[in-house]
Amino acid sequence: MDLVFFGIQGSGKGTQAKKLAAEFGYDIFEAGGELRKIAALAHRSPEGEGGSESDLGKTVKSYIDDGHLVPHEIIMQVVKEAIAAKPKTTKILFDGIPRDELQMRDFDLVLKAAGRDVLGIHFLLSIDEAKNRILGRAKAEGRADDADTEIIERRMKTFQEKTMPVIETYKKAGKIAEISAEGSVDRIYEKLKAIVTA
Ligand code: AMP
């Protein structure tokens with residue numbers, strides 16, 4: 001069974017994903033991380049070379065920098081290729097996708113075609129606590145999209161308005177386990193492990 005991690009920015013799901021992957025052998029597909037790699041190509045291609053790659057990189061970077069979701073076709077192509085590249089026996093932990101209802105629909109189709117089944121985990125955290133944590137992370141990791149209050153607000157609004165309905169749909173289908181993301185990393189991890197090994 002594959003896993004899909006849901007949680008507001010700052011919920012600590014990335015940290016939990018790394019711990020779980022290390023102990024239980026999941027491959028992590030981190031949507032934001034994959035897109036940041038593509039955005040980094042915007043800087044790398046020299047003049048006149050790799051034009052289309054750098055164009056894609058520039059496009060992706062502009063969305064990330066503004067705190068908007070990257071266009072549907074781009075993220076779906078990235079996740080589709082990542083799934084196709086993995087043997088069926090590899091367990092995948094998806095972090096940061098699907099983020100809206102259209103992605104959910106296409107993601108479901110891609111999973112079905114690949115013969116994969118997912119359980120969602122929702123890391124619950126209040127908005128106030130999420131904001132405190134994310135500003136701390138901006139300092140630690142030097143991420144511009146974490147340091148700007150207006151952009152953080154926009155990303156959190158996207159989570160509330162677009163991703164929450166996805167979580168609700170998973171929940172109605174009985175495909176969500178909820179974990180409080182307040183408290184220590186170790187305590188949260190114990191709860192996560194209990195769910196995954198149940
Ligand atoms: P994150 O690291 O999950 O906070 O994502 C950082 C940024 O990457 C987001 O603000 C979006 O611009 C982009 N991004 C991440 N995941 C997705 C996705 N599933 N669909 C579209 N854009 C995404």
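The values are calculated or read from the model by the stated rules, or taken from the named source; none is laboratory data. Model, not experiment: these values are computed from the prediction. When we count neighbours, we look across all protein chains shown, and the Cβ atoms used for this are built from the backbone with ideal geometry, even at glycine. In case anyone asks, the SASA skips ligands and DNA or RNA and just uses the protein heavy atoms, side chains included. Shrake-Rupley method; radii C 1.70, N 1.55, O 1.52, S 1.80 Å.
Would you calculate a helix-derived [θ] at 222 nm for the chain, using -39,500 (n - 2.57) for each DSSP H run of n ≥ 4 and dividing by the full residue count, to the nearest 500?
Per the formula, -18500 deg cm²/dmol.
What shape does the chain have by the C-alpha gyration tensor, where a ≥ b ≥ c are the square roots of the eigenvalues, rounded means a/c under 1.5, and otherwise prolate means a/b greater than b/c and oblate the rest?
Verdict is oblate for the chain.
Over the stretch 1-114, what relative contact order in percent results from Cα pairs under 8 Å that are six or more residues apart?
Over the stretch 1-114, the number comes to 39 percent.
What is the sum of charges, Lys and Arg at +1 and Asp and Glu at -1, for the other residues whose Cβ falls under 12 Å from the Cβ of LYS13?
Net of charged neighbours comes to +1.
Which one, GLY57, GLY120, ASN132, projects farthest toward the positive side of the charge dipole computed for the chain from Cβ point charges (K/R +1, D/E -1)?
The residue sitting most towards the positive pole is GLY120.
Build a GNM of the chain with springs between Cα atoms under 10 Å: which of ASP65, ASP128, ASP145 gets the top mean-square fluctuation?
Sorting by GNM fluctuation, first place goes to ASP128.
Taking all protein chains in place and a 1.4 Å probe, what share, in percent, of the accessible surface of the chain do carbon and sulfur account for?
With neighbouring chains kept in place, the figure for the chain is 52 percent.
Would you tally the net charge around PHE159, using a Cβ to Cβ cut-off of less than 11 Å, leaving PHE159 out, and scoring K and R as +1, D and E as -1?
That sum, taken over residues with Cβ under 11 Å, equals +2.
For the chain, what does the accessible surface come to per residue with a 1.4 Å probe? Please give it in Å².
52 Å²
Under the 0.36 nm per residue contour assumption, what length would be gained going from the current alpha-carbon distance of MET164 and ARG105 to full extension?
The span from MET164 to ARG105 would gain 19.8 nm if fully extended.
What is the gain in length, in nm to one decimal, between ILE195 and ALA22 on full extension, counting 0.36 nm per residue of separation less the C-alpha to C-alpha distance?
Taking ILE195 through ALA22 to full extension adds about 60.6 nm, to one decimal.
So which lysines can LYS58 reach, going by Cα to Cα under 18 Å and dropping same-chain residues fewer than 8 places off?
List returned: LYS37.
Search the structure for amide H atoms under 5 Å from the amide H of PHE6, placed 1.01 Å from N in the peptide plane, and list their residues when 5 or more places away or on another chain.
It is ILE121, HIS122, PHE123, by chain and number.
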